[in-house]
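These notes concern the structure reproduced below.
Coordinate-derived values only; no laboratory data. The structure presented is a predicted model; accordingly, all values stated were derived computationally and were not measured. Counting neighbours? That spans all protein chains shown, and the Cβs are built from the backbone with ideal geometry, glycine included.
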Amino acid sequence: MKYRHELKHIINTADFLALTSKLGFIAEPDEHMKNGAYFVRSLYFDNYSDKVMRDKIDGLSVREKFRIRFYDMDDSFIRLEKKSKLHGLCMKQSAVLNREQTERIIGGDTDFLAEEKDPLLNEFYAKLTSLCLRPKSIVDYTRQAYVYPYGNVRITFDYGIRSVNSAEDFFTRESADVPVTNTVIMEVKYDDFLPQIIADITCLEGRQSESFSKYAAARYI
């Protein structure tokens, strides 16, 4: 695993349509985007003092967060993810979970994680214990994603972002209750360099990349 560059832009629907139209000529759709887009559900973890949210709002240059995520309500593909930030760079690590394990975690039965062979699950257990992390908020959205091989570039567009501050309905609720934003979030991730053709397409005149956290935004509404 290595740290990657990540640029975020808050864009409108017109920008979104124009950008995806251009990217369709040079980039490939993400392998998960079988029907033009896919649904993402994430369950974020935080403690009683909202440390994860406050670290983001305070702009700490070194921070991390854990989430459990699956796609299109398909519980056969569930991942625990740890997203780390280091001075503007990001890294994502993941480990496989099944539905039974996920339901146990949501219910507070987490001791089994200490016995798992995956070191990320062991670390998650340690952080659940030492930081008193608990399931905090569900965030839903629809995503369109594109990949470009040079620079290992991935461009995503997230919209219809909604949330609910509950974990019990992680597998049953069709969509979260509360709209978070009516804008589109574009993220451009790449390794060591951003190819000029991608930089030109994703450059929006008069606007610069900015920080945006779906979890923090969901908790702030």
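Before moving on, here are some points about what is shown:
- Gain on full stretching of the segment that runs from Met33 to Asp72 - 0.36 nm per residue minus C-alpha separation: 13.0 nm
- The GNM of the chain, with springs linking C-alpha atoms under 10 angstrom apart, assigns the highest mean-square fluctuation among Gln196, Gln144, Gln93 to Gln196.
- Interatomic Cα distance distribution for the chain, bins of 10 angstrom, percent: 7, 32, 38, 19, 4, 0
- The count of lysine pairs in the stretch 24-84 that are at least 8 places apart or cross chains, and whose C-alpha atoms lie under 13 Å apart, stands at 5.
- The separation of the stretch 186-221 from the stretch 44-62, counted between C-alpha centres, amounts to 21 Å.
- The stretch 98-178: trypsin sites (Lys or Arg not before Pro) falling in loop per DSSP and having at most 16 other Cβ within 10 Å: Lys117, Arg173
- Listed from fewest to most Cβ neighbours within 10 Å, the set Met186, Met1, Met91, Met73 follows the order Met1, Met73, Met91, Met186.
- Think of each Lys and Arg Cβ as +1 and each Asp and Glu Cβ as -1; about the Cα centre, that makes the dipole of the chain roughly 480 debye.
- Pairs of alpha carbons in the stretch 1-88 whose separation is greater than 19 Å (percent): 61
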